Every structure is written in structure tokens, then in C-alpha cells.
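The values are calculated or read from the model by the stated rules, or taken from the named source; none is laboratory data. Since the structure is predicted, the reported quantities are computational estimates derived from the model, not experimental observations. All Cβ positions, glycine included, derive from the backbone under ideal geometry; neighbour counts span all protein chains shown. Please note that ligands, DNA and RNA were not included when accessible areas were found on the heavy atoms of the full protein model with its side chains. Shrake-Rupley method; radii C 1.70, N 1.55, O 1.52, S 1.80 Å.
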Amino acid sequence: MATEIVVPSLGESVTSATVARWIKKAGEAVAADEPVVELETDKVTVEVNAPAAGTLEAILAPEGAEVAPGAVLGT
């Protein structure tokens, strides 16, 4: 079963972020807690880690996309 990579809570006053860059590409192996994508807000750059080990199956939010906390970035 696929595990979703989701946008974490970004802070009290932050309602969206931009996908800055994917560190891993679709089809690449990832370890649990390994950074897979960078998000940028007007205040901070955040690395989102893989929730589990496996393969990055799909990228659902491309670089440059605006995303909200809880949105699915990939599987």
C-alpha cells in the first residue's frame, strides 16, 4: 500500500507553501526520514521527509506548485 507524503503544519500564520524542488525523483529509493522535497514559505524553507522507506512512486505536486498544509505531495 502506498504511503502519502503530505505537507506538514507550517506554523500558525502560514497557510501555503511553494514546492521549491524535489530532492528525489519518481522511481528512486528512499529511506525512512530521508528528505525528499523542499517547500518554501515567505518565512522559511522546510524539508519534508519520507514517512517510510520504499520507492518514490509518484510526484503529485510539481516544482512551483502552491500547496496547503495537509495536501498530498507524492506517494
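Assorted remarks:
- Sulfur and carbon atoms: percent of accessible area, the chain [1.4 Å]: 50
- Sparse-neighbourhood loop sites, trypsin sites (Lys or Arg not before Pro) in the chain - DSSP loop, at most 11 other Cβ within 10 angstrom: LYS25, LYS43
- Ranking ASP42, ASP33 from most to least accessible surface, computed with a 1.4 Å probe over the protein chains only, gives ASP42, ASP33.
- Rolling a 1.4 Å probe over the protein heavy atoms gives the chain an accessible area of 58 Å² per residue.
- For ALA52, net neighbour charge (Lys/Arg +1, Asp/Glu -1) across residues whose Cβ lies under 11 Å away: -3
- Amide H within-cut-off set for VAL37, under 5 Å, with H built and near neighbours excluded: ILE23, VAL48
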